[in-house]
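For reference, the structure discussed in these notes is given below.
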Amino acid sequence: MTSPYARFNDPIIAEFRANGGTVSQFGRSLVLLHHVGARSGAERVTPVMAIPDGPGTWLIAASKAGADDNPGWFHNLLAHPDTEIETPDGVVPVHAAVLRDDARDAAWARFTAASPGFQQYEQRTTRIIPVVELTRRD
């Protein structure tokens, strides 16, 4: 049985890969986040909106569309912060770090400015939506 996440994500992943990082409803704002299950050890790929934050740095938000819990990929990055992303320009090895306090708030403001959907997600939940900084590693 296919999970609801796979039914939603798999066509986006396929379109991203087939069109050099362009996805019809998202343009070139996505990256494909590779992550390893914290408990299962299974390798996974999840499309997420990414905001470039200087050379070799991207911001991603663990919004889960405003659900009351964080997405699985967030827990996986906490357990395995060294990973990689697929960008429109190729695969990049990255290190994930959760932003805190003022840095998180400033980054979150960039998400709400970029897409009204993030404002709606914030209104749907009582949790503080984490923002993760992905930094290129050598």
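When you go through R124, R137 one by one, which is the residue that is basic (K, R) and in contact with a Pro (Cβ under 7 Å, 6 or more places away or on another chain)?
Of the residues listed, the single one that is basic (K, R) and in contact with a Pro (Cβ under 7 Å, 6 or more places away or on another chain) is R137.
How many residues, within segment 1-28, are surrounded by fewer than 17 Cβ atoms within 10 Å (Cβ to Cβ) and either touching a residue at least 60 places away in the same chain (Cβ under 8 Å) or aromatic (F, W, Y) (or both)?
Total meeting the criteria: 7.
How many residues are surrounded by 14 or more Cβ atoms within 10 Å (Cβ to Cβ), closer than 28 Å to D105 by Cβ and under 15 Å from the mean Cα position of the chain (by Cα) when one looks only at segment 29-52? It would help to see each step written out before you state the result.
Going residue by residue through segment 29-52, those that are surrounded by 14 or more Cβ atoms within 10 Å (Cβ to Cβ) are 29-38, 44-51.
Checking which are closer than 28 Å to D105 by Cβ leaves us with 29-35, 38, 46-51.
Next, from what is left, pick out any that are under 15 Å from the mean Cα position of the chain (by Cα): 29-35, 46-51.
Number of matching residues: 13.
Is at least one residue of segment 53-68 closer than 18 Å to R137 by Cα, without any contact (Cβ under 8 Å) to a residue 60 or more places away in the chain and surrounded by 13 or more Cβ atoms within 10 Å (Cβ to Cβ)?
Taking every residue of segment 53-68 in turn, none turns out to be closer than 18 Å to R137 by Cα, without any contact (Cβ under 8 Å) to a residue 60 or more places away in the chain and surrounded by 13 or more Cβ atoms within 10 Å (Cβ to Cβ).
Taking segment 90-102, which residues are of a type in the set (A, V, I, L, M, F, W, C) and in contact (Cβ under 8 Å) with a residue 12 or more places away in the chain?
Residues satisfying the conditions are V92, V94, A96, A97, V98, L99.
When residues of segment 81-115 are filtered for being closer than 19 Å to R44 by Cβ and aliphatic (A, V, I, L, M), how many remain? If you could, list the steps in order and put the result at the bottom.
We begin by selecting, within segment 81-115, every residue closer than 19 Å to R44 by Cβ; these are 81-87, 91-96, 98.
Among the residues that remain, those that are also aliphatic (A, V, I, L, M) are: 85, 91-92, 94, 96, 98.
Looking only at that region, the number is 6.
FYI, it's all coordinate maths here, none of it is from the lab. Nothing here was measured: the structure is a model prediction, and the numbers come from that model. Here the Cβ is made from the backbone with ideal geometry for all residues, glycine too, and neighbour counts use every protein chain on show.
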